[in-house]
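Colleague: Attaching a single structure in structure tokens format; questions to follow.
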Amino acid sequence: MSLGYEEINTPIIIGCDHAAYQLKAVIVDFLKDLSLEVEDVGTHGPASVNYADYGKTVATAVASGKNQRGILICGTGLGMSMVANRFKGVRAALCSESFSVRMSRQHNDSNILVLGARVIGDALAVDLVKTWLETPFEGGRHLDRLKTLDAIGCQGA
Ligand code: RB5
């Protein structure tokens, strides 16, 4: 599939916890309406789960290249972003407004979008996903910065 500026040959992988399964369903429908391939790794209902398990599944897939792009949603987005950014090569952006979403693509080449289902409404969330998909990475000077980011890896024991 093509986003217009980038070939995406892998499904967009999406995961959430119990706080966000309803918003995830809305976003999955939106992506499918755009004829984008989606890999939905759950959760699918209100039963309490650990966001870290779902964040790890999505971040592992993006870090390995199995999926080029991922979306993670929990109540605030905080837990999911903390998990995802522990994975080398993952650039997860927690956003609740469009300026940051656009910048996360243009300057940071974000490969995971993180949303807080208890922070923003469905319509805004869908709009942010749309902006995230439509905005290309600018490359240039930002590429060197990403290389430095990748070289840092994960520090500490
Ligand atoms: C679940 O209650 C909540 O803690 C979780 O969705 C998320 O907000 C964690 O960061």
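Colleague: Suppose we keep just the alpha-carbon trace of segment 1-146; what are its Rg and Dmax in angstrom?
Modeller: For segment 1-146, the Cα radius of gyration and maximum Cα-Cα distance read 13.8, 45 Å.
Colleague: So how far, in whole Å, is the C-alpha centre of segment 1-55 from the one of segment 82-151?
Modeller: With segment 1-55 and segment 82-151 each reduced to a Cα centre, they are spaced 15 Å.
Colleague: Per-residue HN-Hα couplings for segment 138-145, Karplus 6.51 cos²θ - 1.76 cosθ + 1.60 at θ = phi - 60°, whole Hz, x for Gly and Pro?
Modeller: Each residue of segment 138-145 in turn: 7, x, x, 4, 6, 5, 4, 5 Hz.
Colleague: Something else now. Show the residues, 5+ positions off or on another chain, whose built amide H is closer than 5 Å to the amide H of Glu39.
Modeller: Ile12, Ile13, Ile14
Colleague: Rounded to the nearest 5, what % of the DSSP beta bridges within the chain are antiparallel ones? Each step should come with its number before you reach the end.
Modeller: Numbers: 1 of 16 bridges.
Roughly 5 percent of the DSSP beta bridges within the chain come out antiparallel.
Colleague: Compute the length gained on full extension between His44 and Ser98: take 0.36 nm times their separation in residues and subtract their Cα-Cα distance, giving the result in nm to one decimal.
Modeller: On the way: separation 54, 0.36 × 54 = 19.44 nm, distance 2.68 nm.
Separation in residues times 0.36 nm, less the Cα-Cα distance, equals 16.8 nm.
Colleague: Continuing with the same structure: Using just the helices of the chain, give the 222 nm mean residue ellipticity in deg cm²/dmol: DSSP H runs with n ≥ 4 each add -39,500 (n - 2.57), and the total is spread over all residues, rounded to 500.
Modeller: For the chain, the value works out to -13000 deg cm²/dmol.
Colleague: Can you give the direction-averaged projected area of the convex hull of the alpha-carbon atoms in segment 89-157, in nm²? Walk me through the numbers before you get to the answer.
Modeller: Numbers: hull surface 21.5 nm².
With every direction weighted equally, the projected area is 5.4 nm².
Colleague: Also, quick follow-up: Return the sequence-ordered ³J(HN,Hα) values of segment 62-70 in whole Hz as given by the Karplus equation 6.51 cos²θ - 1.76 cosθ + 1.60 applied to θ = phi - 60°, using x for Gly and Pro.
Modeller: Along segment 62-70, the couplings run 6, 4, 7, x, 4, 10, 6, 10, x Hz.
Colleague: If you keep only loop residues by DSSP, which chymotrypsin sites (Phe, Trp or Tyr not before Pro) in segment 5-54 have at most 13 other Cβ atoms within 10 Å of their Cβ? Kindly include the intermediate steps, with their values, before the conclusion.
Modeller: Working: sites: Tyr5, Tyr21, Phe30, Tyr51, Tyr54; in loops: Tyr5.
Counting only loop positions with at most 13 other Cβ atoms within 10 Å, the chymotrypsin sites (Phe, Trp or Tyr not before Pro) in segment 5-54 are Tyr5.
Colleague: Full extension from Asp144 to Asn9: what is 0.36 nm times the residue separation minus their Cα-Cα distance, to one decimal in nm?
Modeller: Numbers: separation 135, 0.36 × 135 = 48.60 nm, distance 2.50 nm.
Between Asp144 and Asn9, full extension yields an extra 46.1 nm.
Colleague: 7 Å from Cα along Cα→Cβ at both Val119 and Asp53: what's the point-to-point distance in nm?
Modeller: Taking the two extended label points, one gets 2.4 nm.
Colleague: Moving on to the next point. Return the carbon/sulfur percentage of the accessible area of the chain, one whole number, probe 1.4 Å, all protein chains in place.
Modeller: Details: 3990 of 7710 Å².
That fraction is 52 percent.
Colleague: Still on this structure: Could you size up the charge dipole of the chain around its Cα centre, putting +1 on the beta carbon of Lys and Arg and -1 on that of Asp and Glu, and report it in debye to the nearest 20? Working shown, then result.
Modeller: Values: 15 positive and 17 negative charges, 103 e Å.
That gives a dipole near 500 debye.
Colleague: Okay, moving on. Rounded, prolate or oblate: pick one for segment 15-66, where a ≥ b ≥ c are the square roots of the eigenvalues of its C-alpha gyration tensor, a/c under 1.5 means rounded, and failing that, prolate if a/b is larger than b/c, else oblate.
Modeller: Working: a/c = 3.16, a/b = 1.07, b/c = 2.94.
In terms of gyration-tensor shape, oblate.
Colleague: Expected output is a single nm value to one decimal: the length gained when fully extending between Gln155 and Arg86, i.e. 0.36 nm times separation in residues minus the C-alpha distance. What is it? Walk me through the intermediate numbers first.
Modeller: Details: separation 69, 0.36 × 69 = 24.84 nm, distance 0.96 nm.
This chain segment gains 23.9 nm when fully extended.
Colleague: Order these peptides, 38-45, 137-144, 88-95, by their mean beta-carbon neighbour count within 10 angstrom, highest first.
Modeller: Values: 38-45: 16.1, 137-144: 11.9, 88-95: 20.6.
Order by mean packing, descending: 88-95, 38-45, 137-144.
The values are calculated or read from the model by the stated rules, or taken from the named source; none is laboratory data. The model shown is predicted, which means the values in this text are computed figures rather than measured ones. We place every Cβ from the backbone using ideal geometry, glycine too, and count neighbours over all the protein chains shown. Quick note on the areas: whole protein, heavy atoms, side chains included, nothing else; ligands and nucleic acids left out. Shrake-Rupley method; radii C 1.70, N 1.55, O 1.52, S 1.80 Å.
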